[in-house]
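This report refers to the structure that appears directly beneath it.
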Amino acid sequence: MSIESPADLVGLREVGRITRLTLDALEKHVRAGVSTASLDNVAARVFAVNGARSAPAVVYGFPGTVLISINDEVVHGVPGPRQLSRGDLVKLDVTVEKNGYVADAARSVVVGVGTDTVQRLARCVRAAFRAAVAVARAGVRVNEIGRAVDREVRRHGFTVVSGLTGHGVGRTIHEEPTVPNYYDRWQTDVLTEGLVLTIEPMISAGSAESVTDDNGWTIRTRDGSLSAHHEHTIVITKQAPLILTAA
């Protein structure tokens with residue numbers, strides 16, 4: 001969507017606030033021995049207190065409140081009995097709906113102290129996000145975001161996961177435009193002032209290929225390599241974008 005009124009911005013700021021609160025609460029509870037179902041309950045309580053709903057559950061029938069993916073799981077992990085272990089790389093992905101507005105954000109959290117690869121991967125995905133934000137301005141082509149992400153990821157010696165992209169957001173989860181994490185010369189859309197979208201590098205320590213589990217939700221790296229994910233919902237302006245899901 002594109003912001004068309006002050007009310008739109010107010011509504012988006014509110015869902016962005018709840019998204020951030022939920023991620024903060026989840027991160028505080030990430031520790032060895034905690035189940036992903038317990039984390040999902042933490043998110044559900046934050047949603048309930050703030051009058052929000054899980055957009056993936058509402059739109060797609062996702063069997064949980066938030067998406068929690070571990071190690072080689074890139075995205076869309078389903079909460080359940082699995083317990084976190086020391087050194088795990090956990091992806092927390094939160095998409096909030098309230099009053100017809102949607103915001104989406106994710107972060108990668110290390111359980112305790114991870115290996116060198118885990119730590120470098122987590123730092124890389126954040127750096128790739130920052131590189132993308134630096135070029136996201138009105139008048140710039142969407143594919144410059146992907147160019148910036150891919151360049152930064154390669155610089156760190158890692159790989160962008162193919163087929164997983166950022167996207168427009170605001171009224172529902174997935175809207176136009178598609179925002180690839182690599183330079184796609186066929187993606188010729190131009191960023192416009194007021195456009196709401198996600199930037200979300202999804203990267204791998206190994207293969208760029210992914211597979212979907214039998215549950216129909218969880219996407220993991222084909223070769224079992226570690227993955228990381230970092231995401232915010234932003235509003236495009238003539239200057240630096242407004243990051244709705246950040247403090």
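Each reported figure results from applying straightforward, stated rules to the coordinates on display, with no laboratory input. Model, not experiment: these values are computed from the prediction. All Cβ positions, even for glycine, are placed from backbone atoms using ideal geometry, and neighbour counts span all protein chains on display.
Just a few scattered comments:
- Of A48, A105, A205, the residue with the greatest mean-square motion in the GNM of the chain, using alpha carbon springs below 10 Å, is A48.
- Shown for the chain are the DSSP H helices of 30 Å or more along their axis, judged by Cα atoms, with a mean Kyte-Doolittle hydropathy of at least -1.0: 6-29.
- Overall form of the chain per C-alpha gyration tensor (a/c, 1.5; a/b vs b/c): oblate
- Helices in the chain, meaning DSSP H runs of at least 4 residues, each add -39500 (n - 2.57). Divided by all residues, the mean residue ellipticity at 222 nm is -10500 deg cm²/dmol.
- Cα radius of gyration and Dmax for the stretch 103-247 (Å): 14.8, 44
- Using C-alpha pairs under 8 Å with a sequence gap of at least 6, the mean separation divided by the residue count of the stretch 92-229 gives a relative contact order of 26 percent.
- Calculated from backbone phi, Karplus (6.51, -1.76, 1.60) coupling profile of the stretch 81-92 in Hz, x at Gly/Pro: x, 4, 9, 6, 10, 4, x, 4, 10, 9, 9, 9
- Placing unit charges on each Cβ (+1 for Lys and Arg, -1 for Asp and Glu) gives the chain a dipole about its Cα centre, and among T172, P56, I234 the Cα reaching farthest toward its positive end belongs to I234.
- In the elastic network of the chain, a GNM with C-alpha springs shorter than 10 Å, the most mobile of T115, T65, T95 is T115.
- Computed over the stretch 1-138: relative contact order in percent, which uses C-alpha pairs under 8 Å that are six or more apart: 25 percent
- Between the listed residues G80, A25, L12, the Cα displaced farthest toward the positive end of the dipole of the chain, a dipole computed from Cβ unit charges relative to the Cα centre, is found at A25.
- Label point of T172 set 7 angstrom out along Cα-Cβ; within the stretch 1-27, amide nitrogens under 17 Å from it belong to 1-2.
- Taking every alpha-carbon pair under 8 Å whose residues sit at least 6 apart, the chain reaches a relative contact order of 23 percent.
- Cα gyration tensor category, rounded, prolate or oblate, for the stretch 1-144 with a/c compared to 1.5: oblate
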